[in-house]
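Just so it is clear, none of the values below were taken in a lab; they were calculated from the coordinates. For clarity, every value in this text was computed on a predicted model and none was experimentally measured. Here the Cβ is made from the backbone with ideal geometry for all residues, glycine too, and neighbour counts use every protein chain on show.
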Amino acid sequence: MKTFIMCIALAAVTISVQAQGPNRSSRNEKKALRKEERAEKIALKALNGGNVSYQAKQQFFTDFGDPRDVQWTRTDYFDQATFTDKDNRKKTAYYDDEAKLVGTTMRTSFEELPLSAQHEIARHYQHYEDAPVIFYDDNEFNETDMLLYGTQFDDEDNYFIELKDKKDRPVVLKVSMEGNVSFFANIK
């Protein structure tokens, strides 16, 4: 009887291991594929030439109409249009190497941050009330990552606030829409 029970247990373990084998390799393959896709996504493509692309300008007018005071610049990775929107707010739109909108930035105030983030920052930093705050609005339809303050980050809407740490060094904190506060970059 013991032999019969051990045979059944051994068969159950063998079946379980065989069933998990393909799932594990399938999960590992999926994980590797996601990692590869992420690596491709992260790689910002440098723009060629020194002039803003005609396609980016055309896409800008499709995206924003004909706003006032549009000024174009080209950086290493983005064509940037700084403009005043219909609500009289100054914004900057960023276009990638394919002339697709990556996202926009706009100056805002400390009071616009989620309340939990305001409390967190007030506990750990001084002079936060007057600190420059930037809101980054991601274009969810474009997978290109954004680059601010010399640091690349994943696509998502965030606030960025420039402060001084306890050693009086200028830093940038990232604040999520949920109010999570994290270190983002040192300002040089």
- Item | Count of residues meeting criterion [touching a strand residue (DSSP E or B) at 6+ places or on another chain (Cβ under 6 Å), within 16 Å of Phe183 (Cβ to Cβ) and of a type in the set (D, E, K, R)] in region 120-138 | 1
- Please list, ordered by first then second residue, the pairs with beta carbon atoms under 7 Å, 6 or more apart or interchain, first in region 56-78 and touching a residue at least 60 places away in the same chain (Cβ under 8 Å) and surrounded by 11 or more Cβ atoms within 10 Å (Cβ to Cβ), second in a strand (DSSP E or B) and among the aliphatic types (A, V, I, L, M). Tyr77/Leu147; Phe78/Val102
- Sort through Phe135, Phe141 and tell me the only one that's within 21 Å of the chain's Cα centre (by Cα) and either crowded, with 16+ Cβ neighbours inside 10 Å or part of a helix (DSSP H, G or I) (or both). Phe135
- If we ask which residues in region 101-122 are within 12 Å of Asn158 (Cβ to Cβ) and touching a helix residue (DSSP H, G or I) at 6+ places or on another chain (Cβ under 9 Å), their number turns out to be 1
- Does region 89-105 hold any residues that are buried (at least 16 other Cβ atoms within 10 Å of the Cβ) and not hydroxyl-bearing (Ser, Thr, Tyr), and which are they? Lys91, Ala93, Asp96, Asp97, Ala99, Lys100, Leu101, Val102, Gly103
- From Leu147, Leu101, which residue is free of Cβ contacts under 8 Å to residues at least 60 places away in the same chain and in contact with a Phe, Trp or Tyr (Cβ under 8 Å, 6 or more places away or on another chain)? Leu101
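In the set Asp97, Asp66, which member is within 14 Å of Thr144 (Cα to Cα) and either β-branched (Val, Ile, Thr) or not in a strand (DSSP E or B) (or both)? It would help to see each step written out before you state the result.
On the way: Asp66 fails: within 14 Å of Thr144 (Cα to Cα).
Criteria check complete, one pass: Asp97.
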